[in-house]
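The values are calculated or read from the model by the stated rules, or taken from the named source; none is laboratory data. These figures come from a predicted structure and were not determined experimentally. Here the Cβ positions follow ideal geometry from the backbone for every residue, glycine too, while neighbour counts run over all protein chains shown.
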Amino acid sequence: METFIQEMKRYLGFTEEDAALLRQIGPRMEKYLPELAERFYSQIRQHPNAFRVFGGGDAQIARLKLTLQGWAKGLFGGGYDQPYSEERYQVGYRHVRAGVEQKYVISAMGIVRAFFSECLLLEFPASDVRLRYARAVSKILDLDLNLMCESYMHASMQNLRALNEQLERANRDLAEASRSKDEFLAQISHELRTPLNSILGFTKLVLDGLTKTPEEERELLRDVFSSAQHLLGLVNDILDIGRIEAGRMALHVDDVDPRHVLDSTVPLVTIPAAEKDLELRDETHNTELPLVRADEVRFRQVLLNLLSNAVKFTPPAAADQPPGRVAVRARILHKPDAPAAHSGNGFLRIEVVDTGIGIPEEKREEVFEKFVQAPAGRRYGGSGLGLAISRRLVELMGGAIGLENGEDGRGTLVWFTLPLASKEAAKLPPASREKTSTRAPA
Ligand code: HEM
């Protein structure tokens, strides 16, 4: 197969005779090369964008002047073969890497061309002789330009290939996201239909007068009420994730007392925990907690979500087993190098730990994605959006959230952090602060 240089030479009509002519005039051209380098760089340095590529200043230009002379000498060196082609290609490639646009290389070649015409005029006053040399010089400059531009083509191809791969990856991610969305829709429709069916069925029973006693009627209405509450929870989750996705989740961040939030939230899961004979413990009960920067409503929502999950995913104890347990803990993290947004005051870390079914290590990141529920979680119902919403809310409040193994490798520990209010930093004795890694306020 013809190489690129062979093809170009054929296309340009570059013959052995041209090669011989160039070799002939080489020695006579050498004395002009320092002048070529001077003119070349004084002209291209005028370019408004030149400062971008000539960051090395005069020293760089002095070096480049020498390399340009070397390159120009090569024009009359006589090889014009594969090694010549590779070397000239590499010169082009260095320009691609240095960020010189192809159009500037093309127009700079015009400077070289004009310069050599002048040299030839001086060296060969007789126009017929000069014309033969001028044609050979013109061909070799065209050849060099093509070789340099070839490297731009390759670089563009590489970029395109990389872009294509990125696109393909994005496409795959989109397809995956759309698949999860479809699954989510199927799941959520089912989840919405279940309480709706109860509401419709039970109210119809009552309306049709099919209940025998007022007590039975009240029982049904209680079921209607809890189904409606459940339905409202699902709808709220869907609305929340929609708002977060659209960037329209407005938070009202203020100094918030976590004690107040814990005391008003933990009791909300007392009944469901008691129904499963779970031990529910607020281990922060006797500790003084510092104020945090948070949206109180959303803080409560996150805590309630974690507590409800813990209760939901902790099975009632079997006969010979100790009862399941759900506990809430809190501790202060000092983070001296926290970003300014966190005012460097540290964080309050709240943990909800259970002895439940746990989440396999490889699923821990995934469960924070929207529309994803750990496989074992599906049979427990719910929107599957709780953790995704919690993560976004905690992050919007300047904190982080994560999952770890529960105690003794059993169950799950979910933690989240919230930045301390600025007035707390001064109050805390250094000894009460715990150092953490610089990455996540875990
Ligand atoms: C016909 C046009 C040009 C020729 C023949 C030429 C020639 C050369 C040569 C021989 C080198 C050394 C390459 C090496 O070390 O392998 C070089 C490097 C360089 N040239 Fe050019 N050049 C041209 C156009 C331009 C233009 C228009 C600019 C800027 C606007 C430019 C900026 C540079 C820079 C920044 C380097 C250093 C690259 C590096 O450090 O790797 N050149 N040039």
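Some points to look at:
- Among the residues of segment 65-81, the one identified as under 44 Å from the mean Cα position of the chain (by Cα) and either at pLDDT below 95 or of a type in the set (D, E, K, R) (or both) is Lys65.
- The number of residues in segment 71-94 being within 10 Å of the ligand (Cβ to nearest atom) and under 18 Å from Ser138 (Cα atoms) comes to 5.
- Segment 204-256, residues that are basic (Lys, Arg), more than 30 Å from Leu420 (Cβ to Cβ) and under 51 Å from the mean Cα position of the chain (by Cα): Arg222
- Scanning segment 230-264 for residues that are β-branched (Val, Ile, Thr) and in contact with a Phe, Trp or Tyr (Cβ under 8 Å, 6 or more places away or on another chain) yields Val256, Val261.
Residue-wise test of (1) under 29 Å from Leu196 (Cα atoms); (2) out of contact with any Lys or Arg (no Cβ under 6 Å at 6 or more places or on another chain); (3) not acidic (Asp, Glu).
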position: Ala246; (1), (2), (3): yes, yes, yes
position: Val253; (1), (2), (3): no, no, yes
position: Asn286; (1), (2), (3): no, yes, yes
position: Val292; (1), (2), (3): no, yes, yes
position: Asp295; (1), (2), (3): no, yes, no
position: Gln301; (1), (2), (3): yes, yes, yes
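- Scanning segment 95-106 for residues that are near the ligand (Cβ under 9 Å from one of its atoms) and either hydrophobic (A, V, I, L, M, F, W, C) or buried (at least 18 other Cβ atoms within 10 Å of the Cβ) (or both) turns up His95, Ala98, Val100, Val105, Ile106.
- Helices (runs of 4 or more DSSP H) completely within segment 49-167 that count 3 or more residues being within 21 Å of Phe4 (Cβ to Cβ): 57-75, 82-98, 102-123
- Check on Leu36, of a type outside the set (Val, Ile, Thr), within 16 Å of Val112 (Cβ to Cβ) and within 15 Å of the ligand (Cβ to nearest atom): yes
- Given (1) near the ligand (Cβ under 9 Å from one of its atoms); (2) surrounded by 13 or more Cβ atoms within 10 Å (Cβ to Cβ), index of the condition Gly55 fails: (2)
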